[in-house]
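Please read the structure below before turning to the comments.
The values are calculated or read from the model by the stated rules, or taken from the named source; none is laboratory data. Note that the structure is a prediction, hence the values are computed from the model and not measured. Methodologically, a virtual Cβ is constructed for each residue, glycine included, from the backbone with ideal geometry; neighbour enumeration extends over all protein chains shown.
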């Protein structure tokens, strides 16, 4: 999407690799032509401890410096933080807002219906790019399954892409989980398209038309069927009457 176009900026659903040099080209293209403020939110890593959050924040700063833009670290750990104006105000004027990986259920519960999420959505709708990697990609949907224990259910997502359900790390995921669990995550809701995104791969664009970028592929899943979209191709995910 042209950065001068009025309306929402591009979305990016990333399978893995946020803030790493291998993904710098994708992140650089997202912020190109937009304000050079790279807002980074590592809230999904909070359940893994402060050292893990600090590591992601360091990687984010390094990536922003690599791209020649200003890193803006929004260190939100709780829902209380997500209501704090000192964090909320940091989002304004962003060129790219990036939700990094970790625990998707924690991320959704922390951000949903908060002033911080409202600021993120407002800036995206005003033209900022919005990216999510792994957990950050999963929460864009209306429902976030609990990946490690799928039969335990999940939590409502942030609803930017109500017509999708996202499975990141898809190539590695298939090696770790039995096919029956994959089918369970796909579900039977014909109004929702389930997409898998390989590691170091991104779907960019949205909400209905996406470019596949990176080293791997993206996939549309329906029951046992899997349709592959290699890097460089276009994927279409119709909203099927669901308004994102």
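Select, from 53, 61, 46, 69, the only residue that is buried (at least 20 other Cβ atoms within 10 Å of the Cβ), at pLDDT 95 or above and either touching a strand residue (DSSP E or B) at 6+ places or on another chain (Cβ under 8 Å) or closer than 16 Å to residue 123 by Cβ (or both).
Only one candidate qualifies: 69.
Take the residues in the range 158-186 that are surrounded by 16 or more Cβ atoms within 10 Å (Cβ to Cβ) and in a loop (DSSP other than H, G, I, E, B), then tell me which one is modelled with the lowest pLDDT.
By that ranking, first place goes to 177.
If a residue must be modelled with pLDDT of 95 or more and not in a strand (DSSP E or B), how many such residues does the range 187-205 contain?
Number satisfying all stated conditions: 3.
Mind listing just one residue for me: the one in the range 206-227 that is surrounded by 12 or more Cβ atoms within 10 Å (Cβ to Cβ) and at positive phi and, of those, modelled with the highest pLDDT?
214
Before we move on, is residue 230 touching a strand residue (DSSP E or B) at 6+ places or on another chain (Cβ under 8 Å) and modelled with pLDDT of 90 or more?
yes
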